[in-house]
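Take a look at the structure set out below.
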Amino acid sequence: MIVNKRTIKIARLLSDLILLNLVFILSAVLAQSWEILLQRNYMFILLALLNLVWYFYTNLSGFYNDFFTRRFSTQFFNIVKSSIVQVLITIAFIFFVKEDLFTRNFIVYLGVFLTIAISIRTIIFKKSLKQLHKKGISVRNLIIVGAGETGKNFKETICDVPEFGYRFIGFVDDEKSDENYLGKISELDKILKSYQIEDVVITLPEEESSLLDEIIRICNINAVKVHLIPDYFRFLSNRFQVSSIGSFPVITARDEPLEEASRRFLKRSFDIVFSLFVIIFIFSWLFPLIALLIKISSKGPVFYLQERVGVRDQKFKCYKFRTMRTEMQKVEFKPVTEDDPRVTPIGKFLRRSNIDELPQFFNVLKGEMSVVGPRPHPIPFHNKYSEYFEAIKLRHNVKPGITGWAQVHGYRGDVPDEEENRKRTLQRIKYDLWYIENWSFKLDLQIIMMTVWQMITGKTNAV
């Protein structure tokens with residue numbers, strides 16, 4: 001017996017609707033009584049409304065998508081959001097109908113019980129399907145035509161996640177690959193029949209695309225489902241987008257959330273509010289103290305202005321507290337290292353605690369930077385890093401930040417060893433690109449909290 005994704009999705013939706021109704025009635029009975037419940041028609045109008053809201057909201061939010069690939073922690077967060085929507089609809093309904101049956105206890109019961117019930121259902125579904133697949137129930141036999149890099153990566157994916165419901169049989173290719181090799185493409189018809197194949201995934205390189213017509217024809221004759229992974233898949237990020245323009249299917253290589261104006265507005269609004277808070281309540285009293293210490297520590301200005309690369313490759317002056325001796329700031333391009341003689345005594349403390357970055361909140365207010373984003377590179381660093389990663393300009397699709405996803409994971413600053421620095425730079429850029437493709441307001445708040453915690457504990461990995 002084969003249970004496809006659509007069947008599983010419908011089963012999950014129906015189960016959740018049943019649980020929603022049971023939780024609603026249980027919450028109402030606990031909050032009031034069964035007799036009162038039967039006397040109030042408004043109760044059942046609200047129940048019908050909540051069912052409709054659950055159906056449409058979960059479809060719009062993709063609640064039932066990617067069931068197998070999402071961790072339970074991610075799914076739990078989505079469950080909480082869906083439950084909050086139910087609670088908000090309930091509160092709004094109470095406000096408009098002015099029905100005294102719906103007490104605060106009822107609202108609390110509904111939110112808590114619904115979250116618990118859907119969470120338990122999710123865990124049970126996951127474990128049940130996993131056990132079914134382990135026993136060979138609802139598992140489809142699959143082969144991959146094309147044993148190149150894309151084919152091997154896809155094989156690892158379906159083998160690492162048995163919940164997908166596929167049993168990998170082997171590769172079909174004109175060149176023998178590994179122990180999973182089944183035969184040449186010309187032997188495809190015989191292989192399909194011998195192994196009772198139900199799904200074929202084609203991952204042929206572009207130069208062999210002429211074979212597609214014959215491969216699909218043979219699969220159709222054998223009533224086998226065909227899936228295509230195009231050769232240009234290697235150019236796509238993990239967040240590519242499939243859409244259509246007219247009747248043409250279009251694949252966008254990178255989907256960046258901050259391309260939407262509403263999300264940019266949210267991020268910019270937060271930047272302004274948060275920066276004003278820091279400047280008024282922290283910077284206002286901390287600045288005189290730091291300025292005095294910098295002046296006592298060495299001769300020179302309090303601030304250090306450095307030209308850096310911003311959004312869309314625009315240059316801007318980045319503000320920092322000066323941490324190096326003035327006479328040593330104009331030496332050739334060289335990263336700061338531990339016990340660097342150029343750094344002043346107070347400068348070491350400022351760099352380790354990240355306090356030297358505080359003046360950049362003025363850059364944020366001016367719109368040149370954001371609180372969270374990829375760190376802006378000085379011009380010499382940018383030119384050097386371009387040799388490591390030629391698509392480095394992808395970082396500049398968003399505003400640079402005071403802190404970022406790479407920095408909270410320990411990739412801050414450079415090291416003297418050229419090869420090690422190259423590896424660190426590549427990893428840092430990967431973190432930056434992941435942030436750009438996976439941006440959310442929640443992620444920004446998480447990065448800010450991680451940065452503050454690292455500043456408190458002194459674990460900033462800075463020199």
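For segment 197-216, the candidate set comprises residues that are open to solvent by 40 Å² or more (accessible area, probe 1.4 Å) and within 21 Å of ARG140 (Cβ to Cβ); within that set, the residue that is modelled with the highest pLDDT is ILE216. Checked against (1) at pLDDT below 85; (2) of a type outside the set (Lys, Arg); (3) within 19 Å of ILE116 (Cα to Cα); (4) open to solvent by 40 Å² or more (accessible area, probe 1.4 Å), ALA31 passes all but a single condition, namely (4). Here LYS320 meets each of (1) in contact with a Phe, Trp or Tyr (Cβ under 8 Å, 6 or more places away or on another chain); (2) over 24 Å from ARG254 (Cβ atoms); (3) modelled with pLDDT under 90 with one exception, condition (3). Of all residues in segment 279-304, exactly one satisfies the criterion of being surrounded by 15 or more Cβ atoms within 10 Å (Cβ to Cβ), in a helix (DSSP H, G or I) and of a type outside the set (A, V, I, L, M, F, W, C), namely SER297.
For segment 305-321, filtering for residues that are assigned to a strand (DSSP E or B) and either under 30 Å from the mean Cα position of the chain (by Cα) or closer than 13 Å to ILE402 by Cα (or both) leaves 7. Going by the conditions given, is TRP453 part of a loop (DSSP other than H, G, I, E, B) and of a type in the set (Phe, Trp, Tyr)? Criteria not met by TRP453.
Against the condition modelled with pLDDT of 90 or more and open to solvent by 40 Å² or more (accessible area, probe 1.4 Å), how does SER194 come out, does it pass?
yes
Only one of the numbered conditions (1) open to solvent by 20 Å² or more (accessible area, probe 1.4 Å); (2) touching a Leu at 6+ places or on another chain (Cβ under 6 Å) is not met by ARG167, and that is (2).
Figure legend. Inter-residue proximity from segment 436-463: first residues within 11 Å of SER353 (Cβ to Cβ) and among the charged types (D, E, K, R), second residues surrounded by fewer than 18 Cβ atoms within 10 Å (Cβ to Cβ) and at pLDDT 85 or above, beta-carbon distance below 6 Å, spacing 6+ or different chains. No pairs are indicated.
Would you pick out the residues in segment 394-411 that are of a type in the set (Phe, Trp, Tyr) and at pLDDT 90 or above? Walk me through how you get there before you give the answer.
Quick first cut of segment 394-411, residues of a type in the set (Phe, Trp, Tyr) only: 405, 411.
Matches in segment 394-411: TRP405 only.
Cβ-Cβ distances below 8 Å connect the following pairs, each with a first residue in segment 396-418 that is closer than 19 Å to LYS366 by Cα and charged (D, E, K, R), a second residue that is part of a loop (DSSP other than H, G, I, E, B) and open to solvent by less than 10 Å² (accessible area, probe 1.4 Å), and a separation of six or more residues or different chains: LYS399/GLY310; LYS399/MET369; LYS399/GLY373. In segment 115-126, the residues that are within 11 Å of ASN78 (Cα to Cα) and open to solvent by 20 Å² or more (accessible area, probe 1.4 Å) reach residues that are of a type outside the set (A, V, I, L, M, F, W, C) and assigned to a helix (DSSP H, G or I) with C-beta atoms within less than 9 angstrom, at least six apart or across chains, in these pairs: THR115/SER82; THR115/SER83.
Considering segment 196-223, and only residues there that are closer than 22 Å to ASN153 by Cα and in a loop (DSSP other than H, G, I, E, B), the residue that is farthest from the chain's Cα centre (by Cα) turns out to be ILE197. For segment 412-425, which positions are modelled with pLDDT of 85 or more and surrounded by fewer than 14 Cβ atoms within 10 Å (Cβ to Cβ)? Of everything in segment 412-425, just one residue is modelled with pLDDT of 85 or more and surrounded by fewer than 14 Cβ atoms within 10 Å (Cβ to Cβ), namely LYS423.
The values are calculated or read from the model by the stated rules, or taken from the named source; none is laboratory data. Here the structure is a predicted model, which means the values were calculated and not measured. Cβ: placed from backbone, ideal geometry, glycine included. Neighbour counts: every protein chain shown. For accessibility, only protein heavy atoms count, side chains too; no ligands or nucleic acids. Shrake-Rupley method; radii C 1.70, N 1.55, O 1.52, S 1.80 Å.
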